[in-house]
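One structure is given below, encoded as structure tokens.
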Amino acid sequence: MAFLNETFNTAELPEEQGGFDPIPAGDYHLVVSESELKDTKSGTGQYIWLKMSVVGPTHQGRILFANLNIRNPNPKAEDIGRQQLGSVLRAIGVASLTDTDQLIGGNMTCKVTVKNDPTYGPGNEVKSFKAVSGSPVPAPASGGQSAPAQAQGATPPWMKK
């Protein structure tokens with residue numbers, strides 16, 4: 001037990017701002033703050049979990065999440081997840097991914113929608129990923145070589161921690 005040396009009364013404490021209401025649908029500038037490789041609930045697949053913070057143009061500081069299926073018994077789900085992963089990598093300027101930490105610090109513009117989940121109610125879903133205007137994008141492969149963003153003079157996202 002720890003004594004606080006003061007009494008906190010709920011009537012005197014400020015209300016929390018923002019809450020859990022979804023942000024309006026639209027395009028937002030997001031930064032990846034955390035990423036992990038996770039197993040699916042069924043244990044038959046894996047996905048890359050992204051935690052992203054809104055930078056703008058509004059709702060700064062709000063948190064959004066995305067799951068990118070990279071291994072799934074459903075070929076369609078895996079294909080969609082890998083397409084999304086490719087979009088994320090192109091958006092943040094990473095030509096080759098070997099560690100989910102490479103995604104941390106990545107800036108991108110994302111299309112956010114509002115979905116109505118029958119269990120949890122309205123919530124946000126990140127639908128698409130693209131480069132922020134002026135961000136480096138990896139050059140297309142030519143002759144088996146790819147030019148990652150860091151080769152073009154940009155700092156890789158995982159070094160921006």
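Since every read-out is calculated from the coordinates, none of them should be taken as a lab result. This structure is a prediction, so every number in the text was calculated from the model and none was measured. Every residue, glycine among them, receives a Cβ derived from its backbone with ideal geometry; neighbour counts consider all protein chains shown.
Sub-7 Å Cβ pairs linking a first residue in the range 63-77 that is closer than 25 Å to ASN107 by Cα to a second residue that is part of a loop (DSSP other than H, G, I, E, B), at least 6 apart or interchain, are ASN69/GLY45; ARG71/GLY45, ordered by first then second residue. If you go through the range 43-99 and keep only what is of a type in the set (Gly, Ala, Ser), assigned to a strand (DSSP E or B) and over 17 Å from SER128 (Cβ atoms), you end up with SER53, GLY56.
With respect to (1) touching a strand residue (DSSP E or B) at 6+ places or on another chain (Cβ under 6 Å); (2) under 16 Å from ILE63 (Cβ atoms), the lone exception for VAL132 is condition (2).
I want to confirm something. Restricting to the range 60-79 and keeping residues that are within 16 Å of the chain's Cα centre (by Cα) and surrounded by fewer than 19 Cβ atoms within 10 Å (Cβ to Cβ), which single residue is nearest to THR113 (Cα to Cα)? Per the criteria, the residue is PHE65. Picking from residues in the range 83-96 that are touching a strand residue (DSSP E or B) at 6+ places or on another chain (Cβ under 6 Å) and not hydroxyl-bearing (Ser, Thr, Tyr), the one that is farthest from VAL114 (Cα to Cα) is ALA95.
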